[in-house]
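A.B. asks: The structure's right below; bear with me while I get my questions together.
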2 protein chains.
Amino acid sequence: MDELLRFFQRELPGINDFLDREAGQLNGLVRDVAKYIIGSGGKRIRPMLTLLFARALGYAKDDYHAIASALELLHSATLLHDDYLDDAELRRGRDAAHLVFGRTETILAGDALLALANEMGARYGNPRLSWLLARGIMETAAGEIEEIEFSRNPSLDRDIYMRIIIGKTARLIECACRCGVALAGGSPEREDAAGEFGLNLGIAFQLVDDALDYASPTSETGKPEGGDLREGKVTLPLILLMEEGDEAGTEVLLEALKEGSLSEAQAADILDQVREGGYSGKTREEAALYVEKAKACLEGFKPGEELVVLRQAADFVLTRTK
Amino acid sequence: MDELLRFFQRELPGINDFLDREAGQLNGLVRDVAKYIIGSGGKRIRPMLTLLFARALGYAKDDYHAIASALELLHSATLLHDDYLDDAELRRGRDAAHLVFGRTETILAGDALLALANEMGARYGNPRLSWLLARGIMETAAGEIEEIEFSRNPSLDRDIYMRIIIGKTARLIECACRCGVALAGGSPEREDAAGEFGLNLGIAFQLVDDALDYASPTSETGKPEGGDLREGKVTLPLILLMEEGDEAGTEVLLEALKEGSLSEAQAADILDQVREGGYSGKTREEAALYVEKAKACLEGFKPGEELVVLRQAADFVLTRTK
């Protein structure tokens, strides 16, 4: 993973400086919220993917910051609204923004970041970039809405689960990859290949996230352990457990999730069962298949540093523990 | 106003059908909220201005619905978030959306409409349209944020007041006018003239809105009488009153607005004073100046039905009573 690490160490400061500068120009009411969520140590995977694909296609200019950062800001905007609507208490190990800054500031900061992201993408006068960004925003919003709808009427339906993780996570990562190709003026075929890479990587990323939610102590993920379960979210580890359990138990659980009446003892019991059955690991195995699919999409690209880093990034998605 | 009426009667159904169709494709969780706010009888001024300027420049195609409607959806999105954050009870004479559908549905519907608006604007592959839309969103979000910030620390500063009404209202109307020219492929000079028209019209529109807030019974405006005052918003009628009042009284009022401690008796007293002093009418007089400025911007455009309607629309802003 040396190349990955070196690339991130080299490029991260530029992205972070840019993000900080842009957030610093927002109105005082929302500026600190924006800086707080941006500064809370996200992995900057989306900006890096945009940059990597642009460079992989030979793009040499240094004006990539706005489009690359736009995707990070979009992501931050959705975190702000989601955490508020979920009544989440923690985000990346820190108090959720709405608890620090209040409801009005947090909702408006989300709106401002969404608007800023959009404006940053429009700076290039490149209609393909604007279209990709607009689609990415639309699909991400739709994915989140579907997730919340699903949590109100949970089931073990894998198709719905996959559609949700594609919508809420993978489409924006696909978008980041496509934007890199579009910035470099690559062909539609290149863009599709990059998009396919991002889509599969995004699915793997979310599967690992959902696996970690059942497997990691809070201190590593910065989120409460079993948080998804307690929030009533049905994710793959739980689906795998329930598929092998008895029907009556499943009905009881789904009803409790729907009503928000899951007791602490029930939750602890399920966390134990998921751990004992190794369903977190099985979810990771599923993620590994998507990582392989993602790497296969890179075959037509010119070998070079970027390709090495993209492959390592794909592997990193699987090995991360937080 | 015959031409204005005829134009709206002819074109409104097309815009409304389009809006309804687009909203109908949103996820079930937010679809009804979107249809509710869209169907609550807005004046569709923004879409009409886009269409009028496109037609005034000879644009004959029928693909204007998406960009024209985008501006209406943006406007609707901001109403949803604003009413929720303001704890508003009424909007256009009906219960505010968050009271009917709930917090999550309303916030997410705002996000979805914003995303949809953006996507609709990107459909044309016209980078100027995308840029205008992105700027319009950005400025509108900033204007709203500034308004809320101002309400927390109110003053009689006319410059701040003007900056806020430009940001929260006039920029989006300017954007609607510019988009019409951009759609028709008009020159930068034409676009600037249309934008100037929209900016001045937007200022007049908001001034009249602020005048109506002090002058109209609820049954006409669909908002509670003196609602701005009760919400702690300082608008021009109040600024005019206080500029002629004593300093001590002003301090007391500003403090009460800031603390949200204005009593019913204090509010009623101020409403009386604004009425007796004719400050609502004086606000309208100020609006009339901006309407004249707006109409002067139309001089370089080719005479025709659209120009007649645009002039009548400008006059209508002044004469409306709700």
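The values are calculated or read from the model by the stated rules, or taken from the named source; none is laboratory data. Fair warning: this is a prediction, and the values are worked out from it, not measured in the lab. Cβ placement follows ideal geometry from the backbone for every residue including glycine, while neighbour counts extend to all protein chains displayed. Side chains are part of the model used for accessible areas, which takes the heavy atoms of the whole protein and leaves out ligands, DNA and RNA. Shrake-Rupley method; radii C 1.70, N 1.55, O 1.52, S 1.80 Å.
A.B. asks: So, taking all protein chains as they sit and a 1.4 Å probe, how much accessible area belongs to A:GLU259, in Å² rounded to tens?
C.D. replies: Accessible area of A:GLU259: about 110 Å².
A.B. asks: Right, something else. Report, ordered by chain and residue number, the lysines lying within cross-link reach of A:LYS282, taken as a straight Cα distance under 30 Å and ignoring same-chain residues fewer than 8 apart.
C.D. replies: A:LYS43, A:LYS168, A:LYS223, A:LYS233, A:LYS258, A:LYS293, A:LYS295, A:LYS322
A.B. asks: Taking the Cα-to-Cβ direction at A:ASP272 and at A:ALA248 and moving 7 Å from each Cα, how far apart do the two end points lie in nm?
C.D. replies: 2.0 nm
A.B. asks: Oh, and also: When the accessible area of region A:2-319 is split by element with a 1.4 Å probe, what percent falls to carbon and sulfur? List each step's numbers first, then the result.
C.D. replies: On the way: 5960 of 12270 Å².
In region A:2-319, the share of accessible area belonging to carbon and sulfur is 49 percent.
A.B. asks: Another one. Treating region B:142-217 as a set of equal point scatterers at the Cα positions, no solvent, please give the Debye-formula log₁₀ I(q)/I(0) at q = 0.16, 0.23 Å⁻¹.
C.D. replies: -0.64, -0.99
A.B. asks: Convert each backbone phi in region A:241-252 into a coupling constant with the Karplus relation 6.51 cos²θ - 1.76 cosθ + 1.60 (shift: θ = phi - 60°), then list the ³J(HN,Hα) values in order as whole Hz, x for Gly and Pro.
C.D. replies: 4, 5, 4, 9, x, 7, 5, 4, x, 4, 4, 4
A.B. asks: For A:LYS61, list the aspartates and glutamates whose Cα falls under 16 Å from its own Cα; do not include residues on the same chain fewer than 8 positions away.
C.D. replies: A:GLU11, A:GLU306
A.B. asks: Distances in nm, one decimal, shortest first, from B:VAL100 to the same residue in every other copy, taking the label point 7 angstrom along Cα→Cβ.
C.D. replies: Values, ascending and in nm: 3.7.
A.B. asks: Can you give me the accessible area per residue for the protein assembly as shown, using a 1.4 Å probe, in Å²?
C.D. replies: I get 39 Å² per residue for this part.
A.B. asks: Can you give the accessible area of A:TYR124, probe radius 1.4 Å, in Å² rounded to 10?
C.D. replies: My reading of the accessible area for A:TYR124 is about 60 Å².
A.B. asks: Another question, then. If you rotate chain A onto chain B, whose Cβ in A ends up lying nearest the axis, and how many Å away is it?
C.D. replies: That would be A:SER130, 2.
A.B. asks: Run through the other copies and list how far each one's label point is from that of A:ALA268, in nm with one decimal, shortest first; the point sits 7 Å from Cα along Cα-Cβ.
C.D. replies: Taking the point 7 Å beyond Cα along Cα→Cβ, the inter-copy spacings are 5.9 nm.
A.B. asks: Please list the equivalent ellipsoid semi-axes of the protein assembly as shown, computed as the square roots of five times the alpha-carbon gyration tensor eigenvalues, in descending order and whole angstrom.
C.D. replies: So the equivalent ellipsoid measures 45, 30, 22 Å along its semi-axes.
A.B. asks: How far apart, in nanometres, would the label points at A:SER40 and B:SER155 be if each is projected 7 angstrom from Cα along the Cα-to-Cβ direction?
C.D. replies: Computed distance between label sites A:SER40 and B:SER155 equals 3.3 nm.
A.B. asks: What is the Cα coordinate range of chain A on the first, second and third principal axes, sorted by size from largest, in whole angstrom?
C.D. replies: Between the extreme Cα coordinates on each principal axis of chain A lie 59, 47, 32 Å.
A.B. asks: Projected area of region B:157-294, taken from the Cα convex hull and averaged over every viewing direction, in nm²?
C.D. replies: 9.2 nm²
A.B. asks: Please calculate the 1.4 Å probe accessible area of B:VAL317, with all protein chains present, and give it to the nearest 10 Å².
C.D. replies: Solvent-accessible area, nearest 10 Å²: 10 Å².
A.B. asks: Taking θ as phi - 60°, what are the ³J(HN,Hα) couplings along region A:275-291 by the Karplus curve (6.51, -1.76, 1.60), each to the nearest whole Hz, with x for Gly and Pro?
C.D. replies: Whole-Hz 3J(HN,Hα) from phi for region A:275-291: 5, 4, x, x, 6, 5, x, 5, 5, 4, 4, 4, 4, 4, 5, 5, 5.
A.B. asks: Provide the per-residue ³J(HN,Hα) series for region B:180-192, in order, calculated from phi with Karplus coefficients 6.51, -1.76, 1.60 and θ = phi - 60°, each as a whole number of Hz, with x at glycine and proline positions.
C.D. replies: These are the phi-based 3J(HN,Hα) values: x, 5, 5, 4, 7, x, x, 6, x, 5, 4, 4, 5 Hz.
A.B. asks: Describe numerically, in nm with one decimal, the distance between label points set 7 Å from Cα along Cα→Cβ at A:VAL308 and at A:ASP63.
C.D. replies: Taking the simple label geometry, A:VAL308 and A:ASP63 are separated by 3.0 nm.
A.B. asks: Under a 1.4 angstrom probe, counting protein chains only, how are B:ASP32, B:ASP159 ranked by accessible area, largest first?
C.D. replies: On the way: B:ASP32 85, B:ASP159 115 Å².
From most exposed to least exposed: B:ASP159, B:ASP32.
A.B. asks: Another question, then. Using only the alpha carbon atoms of region B:84-229, find the Kirkwood hydrodynamic radius as the inverse mean reciprocal pair distance, in angstroms to one decimal. Can you show the working numbers first?
C.D. replies: Numbers: mean 1/r = 0.0591 Å⁻¹.
Result for region B:84-229, one decimal place: 16.9 Å.
A.B. asks: Still on this model: Ranked by accessible surface with a 1.4 Å probe, highest first, in what order do B:GLU264, B:GLU191 come?
C.D. replies: Output order, biggest surface exposure first: B:GLU264, B:GLU191.
A.B. asks: May I ask you to rank A:LYS293, B:LYS35, B:LYS295 by accessible area, largest first, using a 1.4 Å probe over the protein chains only?
C.D. replies: A:LYS293, B:LYS35, B:LYS295
A.B. asks: Report, as an integer, the average count of C-beta atoms from other chains found within 10 Å of each Cβ along B:69-81.
C.D. replies: Mean number of neighbouring Cβ atoms from other chains: 1.
A.B. asks: Put the label 7 Å from Cα along Cα→Cβ for A:GLY304; what are its distances to the other copies, in nanometres, shortest first?
C.D. replies: So the distances to the same position in the other copies read 5.0 nm.
A.B. asks: Between A:LEU12 and B:ASP20, take the C-beta separation as r, use R0 = 51 Å, and let me know the FRET efficiency to the nearest 0.05. Don't skip to the end; give the middle numbers.
C.D. replies: Details: r = 46 Å, r/R0 = 0.90.
Result of the calculation: an efficiency of 0.65.
A.B. asks: Provide the buried accessible surface between chains B and A in square angstrom, both chains summed, 1.4 Å probe, rounded to the nearest 100.
C.D. replies: Numbers: alone 14290 and 14320 Å², together 25160 Å².
In total, this chain pair buries about 3400 Å².
A.B. asks: Which shape class applies to region A:278-322: rounded if a/c is under 1.5, otherwise prolate when a/b exceeds b/c and oblate if not, where a ≥ b ≥ c are the square roots of the Cα gyration tensor eigenvalues?
C.D. replies: In terms of gyration-tensor shape, oblate.
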